[in-house]
Amino acid sequence: MFIFTHSDHRKFTVVVLLLWTLHITLAFPAFDPPEIDNVSRRNEIYSIMTSRATTGKSGGKSSTTSGASAGAVNYIIYPKKTNIKSKTSKLTATLKDFSKIVHTEESKYVGILFWEASLTATQLKEVKASPEAGSVLVAPTKDSKYTDPFTHETDSAPKIQARQQIKQRGATADVRFFNWQQGHKFTDFANNFVYDSSAGSDVPLYIVDSGADLTHPEFTQIASKASWLFAGDDTTHGDNHHSAHGTCMLSKAAGNTLGVARDIKPIIVKVALPFDAGRYLQGVNMVSEAVGEGSGNTRAVLLMAWWYARGQTEGTVNDEWIAEITELLNSLTRRGVLCVTGSGNGVNIAGSPNTVAFGYPAGLALGPTPAVPGLLVAGAVELDGSIYRRSNRDPASVFPRVYAPGYEGMLCAGLNRANVASSGGTSLAAASTAGMAAYYLRLPHLGNEVSTPARLKSYLERNAWDRRTSPPRYPALWNLVPYSRRNQCIVQRQVKTTHGNSLGNGTGAAVEDSRGDACILDTISSSSSTLVADAAAETPKQNTLTQPKGKGK
């Protein structure tokens, strides 16, 4: 037997420590960057040599890698549309060999949607030659131009019985429009907007757009419930659009005084500038991943109030993009999400008449066998129910099947916490339609009528009605509140803020309007005295037909 003495133990310990030090030195050699006179270039090389691939959660499996060679250009690479779910391994390996993948957008439900990669001219040629590659386009930058969605631009229904209703005094005309019941006059509700107190309570409403300014007074009821997702590198809360498009959309869907479903749960999916179609696709994929598995029962609404014409340079809309968003939207529908979009404002797009919804996502619902049959498309109308002159539509096939106000001058929440007059368009109509879908979903008496996205879509379409008496038809939405001279209700009173004067009678007592409606007072804040609508000035002409002049573009 070998016995350690005290001296032997000390010698053994020293040997072990020496061996461990040698192991560390061999495994992790000291990094010493080469001597370079140019300090900035030395720092650059140091950064490249010490960088590691980083993985960041996006929609599905999404990764980002830093480092681009001199002379390389960033490209968006879509797999061939027949290879969405498979056969991308060789192209993935090629891009990894180049070590130039900047971003990979992948869906658990669809597969790889696209890569963004920094490629030299030689590498680009090799990628294009791959049988797994579809479209390859130059990736937009923050300075790229983008299309501005603002300027781009039945059965007898059951009635709400024995439920508490909320009455908003001094509502704008486009909001009161939704109270306009068939067989009655627009003026029957006077200056009031009456709605069911369920107000779309906690229905998840995903909005893929430019973000939103949740500090705006229109969002005091829902701001605390909001959550965020980010498509691209802009991870700041707020709105990155020069006219606050996303903020406007949220206000028309769910604003305190401008919306139709005022208690929803907003999920803001902020798309980074320049709002290219690739990043928009990423935003929709993030919704898909966030929703997860589902039984098919209606559980959320998705608003896509953006519109891309096919072949736009900045939009990168191509066969692969169309196939991928088709897969995503059909998958979302199967998992319980009603997807809503606008028909688009095509009058100023070269070579595209505004009588056909030729852009996307709207075009996916067009035709006898639509690619996405569950997609609800909204067109825009004037206050009298006539067509908004720039709203895409196909009267021959009665498309779209639902409309909502989208005329010029409508108020919506804008920049600097103010309410502004919009330039009109189908984005506004789509936002109100998405809000109305959430509102219908929480009406308890509807039950099975709205239990799946297909049924909810059908119910919205069946209860829309044409405010005019002559064709073509433009059936517009109604919030199912029947006219009554004595609606038991809560009056929503706007109180004075730093942004405007008070509305209502300014007291906390029960009040009666000129029709003798017994009401209880509910106090909320308002952002602007301009919300007081002049009923006489905004009364639409009854049963008139206004046709757009010329074909437009």
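Measure up LYS100/LYS270; LYS225/LYS270; LYS108/LYS128; LYS252/LYS457 against 21 Å on the Cα-Cα distance and list the ones that go over.
On the way: LYS100/LYS270 26 Å; LYS225/LYS270 16 Å; LYS108/LYS128 25 Å; LYS252/LYS457 19 Å.
Table pairs above 21 Å Cα-Cα are LYS100/LYS270; LYS108/LYS128.
Please list 3J(HN,Hα) in residue order for the range 292-307, calculated via the Karplus relation 6.51 cos²θ - 1.76 cosθ + 1.60 where θ = phi - 60°; whole Hz, with x for glycine and proline.
In residue order, the calculated couplings are x, 6, x, 7, x, 5, 4, 9, 6, 10, 10, 9, 10, 8, 10, 8 Hz.
Let me check I've understood the local charge: for PRO204, count other residues with C-beta under 11 angstrom from its C-beta, Lys and Arg +1, Asp and Glu -1. What total comes out?
Details: positive: LYS225, LYS265, ARG299; negative: ASP202.
Here the charged neighbours net out to +2.
Please list the non-local residues whose amide H lies under 5 Å from the amide H of PHE114, H modeled 1.01 Å from N, same-chain partners needing a gap of 5 or more.
GLU105
For the range 208-308, evaluate the Debye formula with one uniform point scatterer on each Cα (no solvent term) and list log10 I(q)/I(0) at q = 0.13, 0.20 Å⁻¹, rounded to two decimals.
-0.43, -1.01
May I ask for the net charge around LEU441, where only other residues with Cβ less than 13 Å from the Cβ of LEU441 are counted and Lys, Arg are +1 while Asp, Glu are -1?
Working: positive: LYS265, ARG299, ARG442, ARG455, LYS457; negative: ASP196, ASP202, ASP263, GLU449.
Cβ neighbours under 13 Å give a net charge of +1.
Tell me the label-point distance for the pair SER458, ALA129, using the 7 Å Cα-to-Cβ offset, in nm and rounded to one decimal.
5.4 nm
How much FRET efficiency would the formula 1/(1 + (r/R0)^6) give for SER201 and ALA421, where r is the Cβ-Cβ distance and R0 is 25 Å, rounded to 0.05?
Working: r = 30 Å, r/R0 = 1.21.
With a Förster radius of 25 Å, E is 0.25.
Rounded to the nearest 10 Å², what accessible area does HIS237 show when all protein chains are kept and the probe is 1.4 Å?
Result for HIS237: roughly 130 Å² accessible.
At 1.4 Å probe size, with the rest of the protein present, what percent of the exposed accessible area of the range 212-291 is carbon and sulfur atoms? If you can, show how the numbers build up before the last one.
Values: 950 of 1820 Å².
That share works out to 53 percent.
Using 1/(1 + (r/R0)^6) with R0 = 30 angstrom and r between the beta carbons of SER470 and THR369, what's the FRET efficiency to the nearest 0.05?
About 0.50, to the nearest 0.05.
Measure off 7 Å from each Cα along the Cα-to-Cβ vector at SER224 and GLN164, then give the distance between these two points in nanometres to one decimal.
So the two model labels end up 1.7 nm from each other.
The values are calculated or read from the model by the stated rules, or taken from the named source; none is laboratory data. Just so we're clear, the structure is a prediction, and the values are computed from it rather than from any experiment. Positions of Cβ are backbone-derived with ideal geometry, glycine not excepted, and every protein chain shown enters the neighbour counts. With ligands, DNA and RNA removed, areas are computed over all heavy atoms of the protein, side chains included. Shrake-Rupley method; radii C 1.70, N 1.55, O 1.52, S 1.80 Å.
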